[in-house]
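What follows is a short report on a single structure.
The values are calculated or read from the model by the stated rules, or taken from the named source; none is laboratory data. Please read these numbers as outputs of a predicted model, since none were measured by experiment. Virtual Cβ from ideal backbone geometry, glycine too; neighbours counted across all protein chains shown. Side chains are part of the model used for accessible areas, which takes the heavy atoms of the whole protein and leaves out ligands, DNA and RNA. Shrake-Rupley method; radii C 1.70, N 1.55, O 1.52, S 1.80 Å.
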Amino acid sequence: HRTSNKLSGSHKPLSFGGRGHTYITVTDGGVFEDLYELRFGDATDAYAGSSEIAITNGTLKCAGAITIGRDSRCKTNYKVTVAGEDGLLEAKDGLTLGSTSYAGGTERTGGSAMLLVDGGTVNVTGALNVGAEHERVQDTLKVMGSTAKVTAGSIACTTNAVVKFVVPEGGFVNGCDDDSVVNVSGDIVLSSVDVWPTPIEIDATACTSGSWQTLMQAGGAISNLDESQVSVSVASGKNYELNLEKDGDQTKSLKLRIFSAAPRGTVIIYR
């Protein structure tokens, strides 16, 4: 989709994902806006096909809610990618990754939902819900690319949800100088159930920047976050430091710093 496409005046949800595969692209300055509500993977049976939206240096705006992988009976994958410095996804009412508990059926045992922010921008005025209740598959919010940016009113991660940061070589542009890669005006609530995956994964194996990176920041509080909830991978010869910045007993932000290992002492052998 390379030109402007407006659906003004429509007050009906736009649903994608039946028995076939649904693929939508918004690229190279293309605009897809004035959507009333977007349901992605809104199928009605267990034979639903996979669905994907790929935004690359384009814009998709929704005046209502965006729900990805809506029906718990679906067994296939749903993916939304927001790539390129000019890639933009906006949802005014909220954005949900993963099947919703009210959609019928029982626990979802197959398929997954992913929001991949690869250098683009995601703005959610309401709640960004990563994962949903009553399912046994992993849904993911993955943030990578130096210019990636996510803002939301609040974030809620359920027991199966993972937020993964892939820190680029020079770090995140939006993560320096006390700005944040993921920034919310309200609360960030993480799962506190030990049997599920660690909710925060940080892959910094390619990062050489020694600057502090503010990865997550809440205007309210980040619930259920301590260092045991964060998994970090770094390259050989590198160390890292986490800083869970607090205001009283409330965690307000998650910061990361990569640095070289301290040099070892020199041993001189005389013959």
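Note on F259 and T208: their simple-model spin labels are 1.9 nm apart, each label 7 Å out from Cα toward Cβ. Electrostatic tally near I258: other residues with Cβ closer than 12 Å to its Cβ, Lys and Arg +1, Asp and Glu -1, net 0. Count the net charge of all other residues whose Cβ sits under 15 Å from the Cβ of I222, scoring Lys and Arg as +1 and Asp and Glu as -1. Neighbour charge sum, excluding I222 itself: -3. Relative protection proxy for 82-90, 159-167, from highest mean packing down: 159-167, 82-90 (other beta-carbon atoms within 10 angstrom).
Figure note: F172, F259 ranked by solvent-accessible area, largest first, 1.4 Å probe, ligands and nucleic acids not counted: F259, F172. Here the Kirkwood formula, the inverse mean of 1/r across different C-alpha pairs, assigns segment 142-258 a hydrodynamic radius of 14.1 Å.
Taking 0.36 nm per residue of separation and subtracting the current Cα-Cα distance, fully stretching the chain between Y23 and Y240 would add 74.2 nm. Sorted on the mean count of surrounding Cβ atoms within 10 Å across their residues, most packed first, peptides 243-250, 33-40 read 33-40, 243-250. Computed packing ranks the peptides 200-208, 52-60 as 52-60, 200-208, most packed first, by mean other Cβ atoms within 10 Å.
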